[in-house]
Amino acid sequence: TSKNEASVVIDVNLTPAKDPEEVVATLRKNFHTNKTRSLKFRKKQLKNLMRFFQDNVDDLCDALYKDLRKPRTECITNEIEFTLNEIKNLLWNLDEYANPEYPEKGFVNMLDGVEIRKEPYGVVLVIGSWNYPLNIALNPMAGAIAAGNCVILKPSENAPATAELLAKLLPNYLSIDCYQVFCGGIPETTELLKHKFDYIFYTGSTSVGRIIHKASNKYLTPVTLELGGKSPVYIDETADMAIAARRILWGKCINAGQTCVAPDYILCTKKVEEQFLYHAEQALKEFFGGSVKPSPDFGRIVNDNHFNRLAKLLKDVKIAIGGHTDPTERFICPTIVIDVLPGEPLMQEEIFGPILPIVSVKSVKDAIDFINEGEKPLALYIFTKNSKDKELILNNTQSGGVAINDVILQISVEGLPFGGIGSSGMGSYHGKQTFDTFVHRRSILTKNFRTIPDKMHSLKYPPYTDAKLKI
Ligand code: NAD
């Protein structure tokens, strides 16, 4: 499509330029032309999506800077390269992923055809969140494209510069007959959700996840819900504290803590806490120098609402490190809070900012009980050299994923499915799982008309006699 065509479709004021009913109906009609079933077509679209990233690195980084003051390195690694790698994987393996499977046959089906085809669902709705507004929008979208679906992408209105850019540029790369960007906030998304989709892939908060689940119920639309939660970190005295502190602080500081799998809080003994605080201070100095605020490597809070929510969490708490905030820049210094009690506001909801509370526990058993009293988290982090305790925690807790002696990186391993459990979500993606998410595994049994097998099967026909049951 030409650049001019693209700009007609999209309204950059983040209001939908088209009637959702019409967009959904058009995409469904186009889906039924079978255009997206062609592997050649899908590959071309995936290549174009890669080109979209390669052509627009600077504009994409600028938009992410406007939305989150995201450091360029984070834009390149966590948004652009991460998503490009996922798209490359889909592209290179598409033939294999899309191949039908021929499961083992039992004796009764020896003469039959038994096959599982990977078929697209139809029209997929992808709803993205603001914290990684490129990665979280385009990674699932690429999966839906690879699987042969038509897609409506609804980027988050809370990262408006990125949403605007996606709406403006994507139609220059992807077929607008099959893939549309639909901008808007809560009213527009609510309107969109009234329509029938064949699959919904949602990323965002647990509370909105419930709204999406309810809306999907009307048409029994299958959903993936990539949600959040409080991801705990357990550290024991056997851990290498300098390495642990560096890794945990990195995970809490990227995107200024606004990462769904960021370590939310720490569980450790008072003795471990003392060592951790020493090394945490060193790590922050190493990362940002003497003062975090002037560092170009630390982002900002996405909007005033989130800034005020986080600043409030710092009232009446015991701050061990950090604590400085600046509303004019929506800056919150990496802050470690100690002597935090379970009932305190800091422990009620996902923090989603650079604040790290430490809750004291006396033993690994206490830590396990504490984790199990909360909702099932998206991630669980264990820092220990003690493999018995590691297994004890793994065998007595639940979470979407786990990293041992590190944080966040479990989601970057292609072979590991990424998703939550319970209130942290349902379904998963990344690697092959991204393709599998967007296909229906259609079971196909093919029989012939030969008479011998029909005689063999005649046992199933009436009249039902006792003699038939005995065979
Ligand atoms: P958000 O405000 O961008 O909302 C997410 C999407 O939901 C947006 O597209 C928004 O338009 C839509 N939305 C919001 N309210 C709605 C409503 N009432 N009805 C219909 N649609 C609505 O993002 P957020 O919810 O603040 O995202 C942060 C949360 O997302 C955190 O909890 C985080 O942990 C989670 N998250 C999870 C993952 C994951 O992969 N599991 C990744 C990133 C973020």
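In table form, for the structure just shown:
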quantity: Filter result for the condition that a residue is within 16 Å of the ligand (Cβ to nearest atom) and either more than 28 Å from the chain's Cα centre (by Cα) or small (G, A, S) (or both), over A215, A239, A245, A283; calculated: A215
quantity: Residues satisfying the stated conditions in the stretch 380-394, i.e. open to solvent by 20 Å² or more (accessible area, probe 1.4 Å) and within 19 Å of S424 (Cα to Cα); calculated: L394
quantity: Candidate set from the stretch 1-34 (those that are open to solvent by 50 Å² or more (accessible area, probe 1.4 Å) and in contact with a strand residue (DSSP E or B) (Cβ under 9 Å, 6 or more places away or on another chain)); member that is modelled with the lowest pLDDT; calculated: K18
quantity: Filtered residues of the stretch 406-421 (kept if open to solvent by less than 70 Å² (accessible area, probe 1.4 Å), part of a loop (DSSP other than H, G, I, E, B) and within 12 Å of the ligand (Cβ to nearest atom)); calculated: I408, G419, G420, I421
quantity: Among (1) in contact (Cβ under 8 Å) with a residue 40 or more places away in the chain; (2) within 14 Å of the ligand (Cβ to nearest atom); (3) small (G, A, S) - the single one S207 does not satisfy; calculated: (1)
quantity: Members of the stretch 395-405 found to be touching a helix residue (DSSP H, G or I) at 6+ places or on another chain (Cβ under 7 Å) and either open to solvent by 70 Å² or more (accessible area, probe 1.4 Å) or within 13 Å of the ligand (Cβ to nearest atom) (or both), listed by number; calculated: N396, G400, G401
quantity: Contacts under 8 angstrom Cβ, first residue in the stretch 182-196 being touching a residue at least 60 places away in the same chain (Cβ under 8 Å) and closer than 15 Å to C150 by Cα, partner among the polar types (S, T, N, Q) and more than 8 Å from the ligand (Cβ to nearest atom), 6 or more apart; calculated: K196/T221
quantity: From I301, I319, I248, residue being in contact with a strand residue (DSSP E or B) (Cβ under 9 Å, 6 or more places away or on another chain), β-branched (V, I, T) and either closer than 21 Å to I411 by Cα or without any contact (Cβ under 8 Å) to a residue 12 or more places away in the chain (or both); calculated: I248
quantity: Evaluation of K196 against (1) away from the ligand (no atom under 15 Å from the Cβ); (2) charged (D, E, K, R); (3) open to solvent by less than 10 Å² (accessible area, probe 1.4 Å) (one fails), failing number; calculated: (3)
quantity: Filtered residues of the stretch 321-343 (kept if surrounded by fewer than 18 Cβ atoms within 10 Å (Cβ to Cβ) and either basic (K, R) or under 18 Å from V361 (Cα atoms) (or both)); calculated: D339, L341, P342, G343
quantity: Top-ranked residue in the stretch 422-436 [being open to solvent by 10 Å² or more (accessible area, probe 1.4 Å) and of a type outside the set (G, A, S); ranked as nearest to the ligand (Cβ to nearest atom)]; calculated: M426
quantity: Residue list for the stretch 157-184, restricted to those being in contact with a Ser or Thr (Cβ under 9 Å, 6 or more places away or on another chain) and within 14 Å of the ligand (Cβ to nearest atom); calculated: E157, N158, A159, T162, A163, F182, C183, G184
quantity: Residue list for the stretch 437-452, filter: assigned to a helix (DSSP H, G or I), in contact (Cβ under 8 Å) with a residue 24 or more places away in the chain and either open to solvent by 60 Å² or more (accessible area, probe 1.4 Å) or in contact with a Lys or Arg (Cβ under 7 Å, 6 or more places away or on another chain) (or both); calculated: none
quantity: Output for the stretch 344-369, where each listed residue is open to solvent by 40 Å² or more (accessible area, probe 1.4 Å), under 29 Å from Y132 (Cβ atoms) and not polar (S, T, N, Q); calculated: E344, P345, E349, E350
quantity: Residue, surrounded by the fewest Cβ atoms within 10 Å (Cβ to Cβ), within the stretch 259-301, restricted to residues that are acidic (D, E) and farther than 27 Å from N135 by Cα; calculated: E286
quantity: Of all residues making up the stretch 262-300, the number that are within 25 Å of G343 (Cβ to Cβ) and not aromatic (F, W, Y); calculated: 14
quantity: First in the stretch 98-122 and closer than 18 Å to T434 by Cβ, second anywhere and open to solvent by less than 40 Å² (accessible area, probe 1.4 Å) and in a loop (DSSP other than H, G, I, E, B), Cβ under 6 Å, 6 or more apart; calculated: P120/A147; P120/G148; P120/N149; Y121/N149; Y121/D198; G122/D198
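Let's see how each residue does on (1) closer than 27 Å to N305 by Cβ; (2) within 16 Å of the ligand (Cβ to nearest atom); (3) open to solvent by 20 Å² or more (accessible area, probe 1.4 Å):
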| position | (1), (2), (3) |
| --- | --- |
| N89 | no, no, no |
| L94 | no, no, no |
| N99 | no, no, yes |
| E104 | no, no, yes |
| S129 | yes, yes, no |
| I136 | yes, yes, no |
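The values are calculated or read from the model by the stated rules, or taken from the named source; none is laboratory data. For clarity, every value in this text was computed on a predicted model and none was experimentally measured. We place every Cβ from the backbone using ideal geometry, glycine too, and count neighbours over all the protein chains shown. In case anyone asks, the SASA skips ligands and DNA or RNA and just uses the protein heavy atoms, side chains included. Shrake-Rupley method; radii C 1.70, N 1.55, O 1.52, S 1.80 Å.
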